[in-house]
Structure formats: C-alpha cells, structure tokens
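Inspection log for the structure reproduced underneath, given as structure tokens.
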Amino acid sequence: MNYSKKVVDHFLNPRNVGEIPDADGVGEVGNSRCGDIMKMYLKISNGTIVDAKFKTFGCAAAIATSSVATELIKGKTIEDALKITNKDVIEYLGELPPVKIHCSLLAEQSIKAAIKDYCNKIGINSEIIIKNY
C-alpha cells in the first residue's frame with residue numbers, strides 16, 4: 001500500500017502520543033472490522049483545547065490520522081474543534097488510500113467523543129452542541 005510522505009511521517013514520528021492523567025475529556029472509538037481503536041485525551045481551559053494526546057491500536061493510517069487530529073485541535077476552541085472533519089484530516093495528510101478512509105472518520109469521531117465526555121462532565125448537554133456540527 002502506498003502512503004503519502006506525510007502519512008509515513010506521522011506514523012513513524014507520531015505527535016502527542018500518550019495519556020493525560022487528569023484529562024478533562026476522554027473519547028474512545030473503534031472499528032471492529034479492522035481492529036483500529038483510538039483513544040483521545042483532552043485538556044481544556046476556558047473553552048480552549050490546551051493539550052491533546054492519543055493512544056491508538058491500529059494500522060499506519062490509524063496512527064497517522066490520530067496524530068494529525070491532535071495537531072489540528074490543539075489551541076482551538078471546542079466549537080472550532082467540532083468543525084474538523086475527516087476531510088480536513090485527509091487534506092492535511094495529502095491523501096489516504098480509499099481502503100483507509102475509515103481511519104480519518106475514526107479520528108473525527110474520537111475528537112467528538114472526547115468533547116462529548118468533557119461536556120457531560122461539566123453538565124452541558126453534549127447532544128445539542130455536537131448536533132450543531
């Protein structure tokens with residue numbers, strides 16, 4: 001399978017790998033068909049994502065898209081992070097093979113899952129917030 005240079009770079013040198021022990025939001029998504037599992041950790045201050053880390057069990061594309069997702073959301077408000085789509089992840093990477101597009105969807109879903117967890121922890125109806133994006 002041919003991957004772009006950016007996919008290979010984010011696979012071999014993933015950014016923001018690890019956990020945030022006192023994370024404000026944690027989201028885990030997975031795809032049982034291919035076995036990719038993504039877990040994203042967020043640290044949020046005054047509505048802004050000040051740190052993001054991930055732990056992913058999966059293929060090169062899954063690790064690369066997780067890495068990119070954390071890069072794309074760091075420093076963004078919750079609202080702006082919710083606007084990030086799988087197409088943004090793919091665009092950042094240059095391309096993904098068609099059979100690996102689902103990895104970019106998992107990256108988008110992990111962002112939303114972590115934000116949903118944060119909203120639930122602070123007592124905000126996450127369904128209303130996430131539905132708007």
Handout entry: Near-label residues of segment 11-30 by backbone N, under 17 Å of a point 7 Å along Cα→Cβ of SER45
Key = 20-25
Exercise for the section: May I ask for the Rg/Rh ratio of segment 1-49, computed from Cα atoms with Rh as the Kirkwood radius, given to two decimals? Expected result: 1.07
Practice task
Could you tell me which of SER110, VAL8, ASN46 has its Cα farthest along the dipole of the chain towards the positive end, charges placed at Cβ (Lys, Arg +1; Asp, Glu -1), taken about the Cα centre?
Solution key: VAL8
Practice task
Step through the residues of segment 101-108 one at a time and calculate ³J(HN,Hα) from phi using the Karplus curve (6.51 cos²θ - 1.76 cosθ + 1.60, θ = phi - 60°), rounding each to whole Hz and writing x for Gly and Pro.
Solution key: 4, 4, 5, 5, 5, 4, 4, 4
Practice task
Arrange VAL26, VAL68 by Cβ neighbour counts within 10 Å, fewest through most, would you?
Solution key: VAL26, VAL68
Fill in the blank from the handout: Quick P(r) readout (segment 56-118; Cα-Cα; 10 Å bins; whole %) gives 24, 58, 18, 1
Fill in the blank from the handout: Once phi for every residue in segment 110-123 is put through the Karplus expression 6.51 cos²θ - 1.76 cosθ + 1.60 (θ = phi - 60°), the whole-Hz ³J(HN,Hα) values, with Gly and Pro written as x, are 5, 4, 4, 5, 5, 5, 4, 4, 4, 4, 4, 5, 9, x
Exercise for the section: For every helix of n ≥ 4 consecutive DSSP H residues, a contribution of -39,500 (n - 2.57) applies; sum these over the chain, divide by its total residues, and give [θ] at 222 nm rounded to the nearest 500 deg cm²/dmol. Expected result: -14000 deg cm²/dmol
Practice task
Over the Cα atoms of segment 5-131, compute the convex hull volume and normalise it per residue, giving Å³.
Solution key: 95
Fill in the blank from the handout: Computed about the Cα centre, the charge dipole of the chain from +1 Lys/Arg and -1 Asp/Glu charges at the Cβ has a magnitude in debye, to the nearest 20, of 140
Exercise for the section: Please turn the phi angles of segment 61-74 into ³J(HN,Hα) values with the Karplus equation 6.51 cos²θ - 1.76 cosθ + 1.60 (θ = phi - 60°), one per residue in order, whole Hz, x for glycine and proline. Expected result: 5, 5, 5, 5, 5, 5, 4, 5, 4, 5, 5, 5, 9, 4
Problem - FRET efficiency, LYS121 to LYS83 (Cβ-Cβ, R0 25 Å, nearest 0.05) - result: 0.70
Practice task
Would you mind calculating the relative contact order of segment 1-107 from Cα pairs under 8 angstrom and at least 6 residues apart, reporting the percent as a whole number?
Solution key: 30
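Here, each number is a calculation from the coordinates, and none is a lab measurement. Please read all numbers here as calculations on a predicted model, not as lab measurements. When we count neighbours, we look across all protein chains shown, and the Cβ atoms used for this are built from the backbone with ideal geometry, even at glycine.
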